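A quick write-up on the structure given underneath.
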2 protein chains.
Amino acid sequence: MSDPKIGNIFASIPRDKSSEVFEFLAGAGQVKIERIVSQGHTSPDSGWYDQDQNEWVMVVKGTAVITYDSGQDIRLQEGDYLNIPAHQKHKVSWTDPDTETLWLAVFY
Amino acid sequence: MSDPKIGNIFASIPRDKSSEVFEFLAGAGQVKIERIVSQGHTSPDSGWYDQDQNEWVMVVKGTAVITYDSGQDIRLQEGDYLNIPAHQKHKVSWTDPDTETLWLAVFY
């Protein structure tokens, strides 16, 4: 049998944090589970994310603010999760500049 | 607009831990994101889980052992994740009896 696909969400943090790092963890079809590492990044560079899929996101470590196009700021700390419906325009308007923020994101 | 659907994975731990507690967090169609709280539980009560869907599971807090029907034990600590393919027979053969184990599970 093949080895179990095991990993650790806190492991292998990239040293180069000049840009956000997206890592595919698992998925099939339209479903994608990703780890995202941010440090002081905002995204996208301009405008809003406007996605065809729902996104469930959890801050595993760190602190971040997601802003909706209504102007609403949603502050997320360790363990906080948020379900972002498809086509809810949003952006990551702040992440802690002093330490990495680890996200777990499920696109579905 | 409706309030953002926000929560915290560490919040609202059930006091009664006489059985495992499954909580739906988000999902659509065949996709389901769940929090599971275990403390000293093994599951299922007998036999194996044999699921039609893939399951990606992460231990958010605590310690657990998943056993495959090959006899392989997979020890999971905080932050460890495992992708369990559909129809990979498995069970939770141990969870820490002294503290709760929080799981995040994505069925896809």
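The values are calculated or read from the model by the stated rules, or taken from the named source; none is laboratory data. Owing to the predicted nature of the structure, the values given are computational and were not obtained by experimental measurement. Please note: Cβ atoms are built from the backbone with ideal geometry, for glycine as well, and neighbour counts cover all protein chains shown. Remember, those area values only see protein heavy atoms, side chains included, never the ligands or the DNA or RNA. Shrake-Rupley method; radii C 1.70, N 1.55, O 1.52, S 1.80 Å.
Some observations on this one:
- All of (1) out of contact with any strand residue (DSSP E or B) (no Cβ under 6 Å at 6 or more places or on another chain); (2) open to solvent by less than 30 Å² (accessible area, probe 1.4 Å); (3) at positive phi hold for B:Gly62 with one exception: (1).
- Residue list for segment B:23-56, filter: of a type in the set (A, V, I, L, M, F, W, C), open to solvent by 40 Å² or more (accessible area, probe 1.4 Å) and either closer than 18 Å to A:Glu55 by Cα or within 11 Å of another protein chain (Cβ to nearest Cβ) (or both): B:Phe24, B:Ala28
- Of all residues in segment A:4-27, those satisfying the criterion of being within 30 Å of B:Tyr68 (Cβ to Cβ) and either among the small types (Gly, Ala, Ser) or in a loop (DSSP other than H, G, I, E, B) (or both) are A:Pro4, A:Gly7, A:Ile9, A:Phe10, A:Ala11, A:Ser12, A:Ile13, A:Ala26, A:Gly27.
- Checked against the criteria, A:Arg35 counts as within 25 Å of B:Gln77 (Cα to Cα) and touching a strand residue (DSSP E or B) at 6+ places or on another chain (Cβ under 9 Å).
- Unmet requirement for A:Gln88, which otherwise passes all of (1) crowded, with 16+ Cβ neighbours inside 10 Å; (2) part of a strand (DSSP E or B): (2)
- Unique residue being without any contact (Cβ under 8 Å) to a residue 24 or more places away in the chain and closer than 21 Å to B:Ile9 by Cα when the list is B:Glu55, B:Glu78, B:Glu34: B:Glu78
- Check on A:Asp69, at pLDDT 95 or above and over 11 Å from the mean Cα position of the chain (by Cα): yes
- Within segment A:1-22, being within 7 Å of chain B (Cβ to nearest Cβ) and without any contact (Cβ under 8 Å) to a residue 12 or more places away in the chain holds for A:Met1, A:Pro4, A:Ile6, A:Asn8.
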